[in-house]
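Written below as structure tokens is the structure these notes are about.
Just so you know, all these numbers are worked out from the coordinates, no wet-lab data involved. Remember, predicted model here, so these are calculated numbers, not experimental data. Positions of Cβ are backbone-derived with ideal geometry, glycine not excepted, and every protein chain shown enters the neighbour counts.
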Amino acid sequence: MEDFSMSENAKDQIQQKLDKNPFLALSKLVYQQVYREIINGNLLPQHKIIESKIAKELNISRSPVKMALAEMTEKGILEKEKGRELHVKKVRYEECLWIYEARMTLEPEAAYLAARRINKEEVELLERLVGCFEKIDKTHDHTAYKNADKLFHETIIKASRNKYLMAMYESIECPLAMYRNQLNQLAYEECFQENGMEKGSRYHKSIYRMIQGHYPLMAKDEMKNDIQRMYGTMSRLKG
């Protein structure tokens, strides 16, 4: 298990937030930065998280780092198994099932609303992302797929213009990112072949066309078809 290192701009990002608001709690800023490292796929389950190392890299005392990591452990984002090193919690099959069920509840409705409320800039962004998926179909760039898929679905959630739906989706943002990152380390090539991920542009283009054409019910159905593929990939995390 290799030691985790904060991204090079982490210290600057924390300082920028402090410059804007000097009264922000440093532990909260550390929490947010470590959280983003997980979301962005920089901090993975195989990384060993060392409190003193993070404090040194951010040029701050260990206390706010300790508080941030303790809160993340309490929330189940990090874990320490049987006295071993602290690391990002591995997403287990049962948790993936919960994520799948949550997505099936939230995202089709978001697609329905997005087809009614999306703006021009968001339509253009989805169109560009479909172009990215067409390239990924040929290259099988796993990281590019993960990033494009994340932005595609987040854009549709935002386009729903429903703040409560957005808040509910945000509540699964971290475990969903952990699932994507963890899967990226496993038999991802097989997932591409077996679960239709090599045709990502087809699924995403279908969603895009229904939203762009303002067909709410059809957008909802196409989103369900896309999320259904997750059910096949979840088996990789069994055991």
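How many nm is it between the label spots at residue 184 and residue 214, if each spot is 7 Å from the Cα in line with the beta carbon? Taking the two extended label points, one gets 3.7 nm. Around the amide H of residue 78, modelled in the peptide plane, lie the amide H atoms of 73, 89, all under 5 Å away and 5 or more residues distant in sequence or on another chain. Match the structure shown to one of the listed values (i) 33; (ii) 47; (iii) 38 of percent of Cα pairs over 28 Å apart, computed from it, and give that label. Derived directly from the coordinates: (iii). How high is the relative contact order of the chain, in percent, counting Cα pairs under 8 Å that sit 6 or more residues apart? Relative contact order for the chain comes out at 25 percent.
Here the spin labels are modelled as points 7 Å beyond Cα on the Cα-Cβ line, and at residue 168 and residue 62 they lie 4.4 nm apart. Listed from fewest to most Cβ neighbours within 10 Å, the set 57, 81 follows the order 81, 57.
If only the Cβ of Lys and Arg carry +1 and only the Cβ of Asp and Glu carry -1, the dipole of the chain around its Cα centre is close to 380 debye. For segment 43-86, the residues whose amide N sits under 16 Å from a probe point set 7 Å from the Cα of residue 12 along the beta carbon direction are 58-59. Among the listed pairs 158/220; 20/150; 150/224, those with a Cα-Cα distance over 18 Å are 20/150.
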